[in-house]
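Presented below is the structure to which this report refers.
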Amino acid sequence: MWLPLFILIVAFAIILSLPGKDISFTEYSVKPYLPLKGALAMNNKLNGAERLFNGEMKGPESLVVYNDELYTGLHGGYIVKIEDDKIIPIKKFGKDCEGFHDEKNCGRVLGMKFDQNGILYAADAYNGLYKLNVTSGKEQLLVHANQIIAGKPCKLLNSVDVALDGTIYFTVSSTTIDLQNGVYSMLSDGDGRLIKLDPATGKFTVLIDNLQFANGVVLSSDESFVIVAETIRSRIHRYYLKGPKKGTSDIFIEGLPGLPDNLKREGSTFLIPLLKPIENNKAFLPHTLGEYAGIRKFLYTFLTLIDGTFELLSESFPSSLFLKKAHHWVGHFESVDVFSHGTRVTVVLTNEAGDIVESLHSEHIGWYPEEAGISDICDIEPFRGYYYLGSPFNNYLARVKIS
């Protein structure tokens, strides 16, 4: 009876020794979740959402408006314009590919932002940060995939905002892990970044380092500071660009009851969608495991071993679509979504001091898909009397009439 136990201990020790030199695991804890009361109390302001283009698109993650037109980015490296009941292609990044499982070649557009001149800035997680004229289609690559900045590569480009003077602020969610393996960023220590690009000089400056999945970024109304979402830690950081605290950072808000994703600003109000709202006060698993670095390291290595096995097999049997999809799925955020698909939507609204002033919720529980409502919302865009709601996973674009 001791032999199986001995083998298990040896296997555990081997697995713990495997992660690379750039991957680390240290203990951390998150602040207790803010209670759903007061300005955070549950309501039905996002109930009754419509599903537009159901089955015709995948992952309309970022939503932006310019000149009274709505744009979004989709799986496959596409930027499209939504016009009435039509999806109009604007740009394709990346290469032609076999399908969503071939994401690295397809490209994947995440964050987008128009500047005051109508030029679109788009972050493709695999191909780079682009500057795009949506009328002519002319593009300029500003930051290429894996570009080395301050000694580390831009492994996973994510979100972007642009100041009135053209200064660009963007996030790199990880310098060691790409989007296809995003689950590993929930287990390892954070190495995400908020970076400034001066277009006049081409100089990059790392403003905040070692974020655990740096995500949405947006400037304040007077551009005196910029905030950035640290998704895995359920908090928002603030970096001061002007004033007596210039060049320093602090926590803008923490203990968010879910995982913050894209960030938006309407006037002097910040909108913070929670991709995975905490349900029934149950802690998000990486938060529970935060204090157990050894377990996180074991899970990380165990998953990478499975992933690596499927990768090796798919290379040995290139005609097997199943092996290719399995290699893509293990470690991808969509594998987690299968086990954490919720029934709620939450968007937190704060003022520029970090005080919660309002929240938008929906909650649907039904036996049939049409009763189930929507979930996994990562972006919100007010447009023509509706809130349009983006998602990295959904195969539709949701919208709710603004009450």
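The values are calculated or read from the model by the stated rules, or taken from the named source; none is laboratory data. Everything numeric here is computed off the predicted structure, so don't read it as measured data. No Cβ is skipped: glycine too gets one built from the backbone with ideal geometry, and neighbour counts run over all protein chains shown. All accessible areas refer to the heavy atoms of the entire protein, side chains included, with ligands and DNA or RNA removed. Shrake-Rupley method; radii C 1.70, N 1.55, O 1.52, S 1.80 Å.
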Amide H to amide H, which residues 5 or more places from residue 276 or on other chains are under 5 Å from it, using H placed in the peptide plane?
259
Those GluC sites (Glu not before Pro) from region 75-179 that are DSSP loop and have at most 15 other Cβ neighbours within 10 Å turn out to be 98
HN-Hα J in Hz across region 55-64 - Karplus 6.51, -1.76, 1.60, θ = phi - 60°, x for Gly and Pro:
x, 9, 9, 9, x, x, 6, 10, 10, 9
Shape call for region 265-326, from the Cα gyration tensor axes a ≥ b ≥ c (a/c under 1.5 means rounded, otherwise prolate when a/b beats b/c, else oblate), comes out oblate
Sorted by chain and then number, the residues having a modelled amide H within less than 5 Å of the amide H of residue 264, at least 5 places away or on another chain, are 271
Helices from the chain with mean Kyte-Doolittle at least -0.5 and a Cα length along the axis of 18 Å or more, per DSSP H: which?
2-16, 293-316
What are the ³J(HN,Hα) values, in whole Hz, obtained from phi via the Karplus relation 6.51 cos²θ - 1.76 cosθ + 1.60 with θ = phi - 60°, for each residue of region 148-162 in sequence order, with x given for Gly and Pro?
7, 10, 6, x, 9, x, 8, 5, 9, 6, 10, 10, 8, 9, 10
Quick one: which residues, 5+ away or cross-chain, put their amide H under 5 Å from the amide H of residue 253? H built at 1.01 Å from N.
236
Using distinct alpha-carbon pairs, which all enter the 1/r mean, Kirkwood radius of the chain in Å:
21.8 Å
Between region 147-177 and region 342-364, the alpha-carbon center distance in angstrom:
27 Å
At 0.890 mPa s and 25 °C, Stokes D of region 31-81 from Kirkwood alpha-carbon radius, µm² per second
172 µm²/s
Quote to one decimal, in nm, the extra length available between residue 164 and residue 306 on full extension: 0.36 nm per residue of separation minus the C-alpha distance between them.
46.4 nm
Can you compute 3J(HN,Hα) from phi for each residue in region 121-126, using the Karplus curve 6.51 cos²θ - 1.76 cosθ + 1.60 with θ = phi - 60°, rounded to whole Hz and x for Gly and Pro?
9, 10, 9, 9, 4, 10
By per-residue mean of other Cβ atoms within 10 Å, what is the highest-first order of 231-238, 279-286?
231-238, 279-286
Only helices counted: for the chain, with every DSSP H run of 4 or more residues adding -39500 (n - 2.57) and the sum spread over all residues, [θ] at 222 nm is -5000 deg cm²/dmol
Reduced to Cα centres, the span from region 223-267 to region 282-333 in Å works out to 30 Å
Which one, 263, 313, 110, has the greatest fluctuation when you compute a Gaussian network model over the chain with C-alpha springs under 10 angstrom?
313
Gap in Å between the Cα centre of region 87-109 and the Cα centre of region 183-221?
24 Å
So how exposed is residue 348, as accessible area in Å² (1.4 Å probe, rounded to 10)?
0 Å²
Heads up, I need the accessible area for residue 152: 1.4 angstrom probe, whole protein in place, Å², nearest 10.
70 Å²
What is the percent carbon and sulfur in the accessible area of region 288-364, measuring with a 1.4 Å probe over the protein chains and ignoring ligands?
66 percent
